[in-house]
Amino acid sequence: MENRLLDHERKKVLGFIERQDNIFVKIETNINQIAKIVNGQKFISQHELEKFSVQLDEMIKLKVQQNEIFLKIYSMLGNDY
């Protein structure tokens with residue numbers, strides 16, 4: 001009984017997952033917009049490329065962390081049934 005999530009807790013968890021997904025959709029949209037600009041200009045400065053690469057690396061790290069959290073959440077949810 002102690003490991004079970006209450007319905008309101010489950011709703012909070014699912015809301016969190018949805019918000020996380022929305023954040024990454026916005027980031028991915030921004031990446032696509034930057035790619036379109038670069039493709040149109042056929043140029044990106046070294047500084048901008050490095051800055052963009054750092055942002056992509058950070059996003060990858062965050063996505064890995066997010067996936068680890070999701071695995072734990074799904075495991076907890078699965079144990080409730």
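The values are calculated or read from the model by the stated rules, or taken from the named source; none is laboratory data. Since the structure is predicted, the reported quantities are computational estimates derived from the model, not experimental observations. Methodologically, a virtual Cβ is constructed for each residue, glycine included, from the backbone with ideal geometry; neighbour enumeration extends over all protein chains shown. In case anyone asks, the SASA skips ligands and DNA or RNA and just uses the protein heavy atoms, side chains included. Shrake-Rupley method; radii C 1.70, N 1.55, O 1.52, S 1.80 Å.
Only residues that are open to solvent by 80 Å² or more (accessible area, probe 1.4 Å) and part of a helix (DSSP H, G or I): list them for region 70-81, please.
Result: LEU71, LYS72, TYR74, MET76, ASN79.
Restrict the check to region 59-66 and report whether at least one residue is in contact (Cβ under 8 Å) with a residue 40 or more places away in the chain and not acidic (Asp, Glu).
Yes: one or more hits.
Select from region 2-30 the residues that are modelled with pLDDT of 80 or more and more than 30 Å from GLN55 (Cβ to Cβ) and list them in ascending order.
LYS11
Mind listing just one residue for me: the one in region 38-68 that is open to solvent by less than 80 Å² (accessible area, probe 1.4 Å) and aliphatic (A, V, I, L, M) and, of those, farthest from the chain's Cα centre (by Cα)?
ILE44
Within region 22-81, can you find the residues that are over 29 Å from GLU9 (Cα atoms) and of a type in the set (A, V, I, L, M, F, W, C)?
Passing the criteria: ILE31, ILE34, ALA35, ILE37, VAL38, PHE43, ILE44, LEU49, PHE52, VAL54, LEU56.
If I ask for residues that are of a type outside the set (A, V, I, L, M, F, W, C), surrounded by 10 or more Cβ atoms within 10 Å (Cβ to Cβ), within 25 Å of the chain's Cα centre (by Cα) and farther than 19 Å from GLN66 by Cα, which ones from region 1-29 would you list?
none
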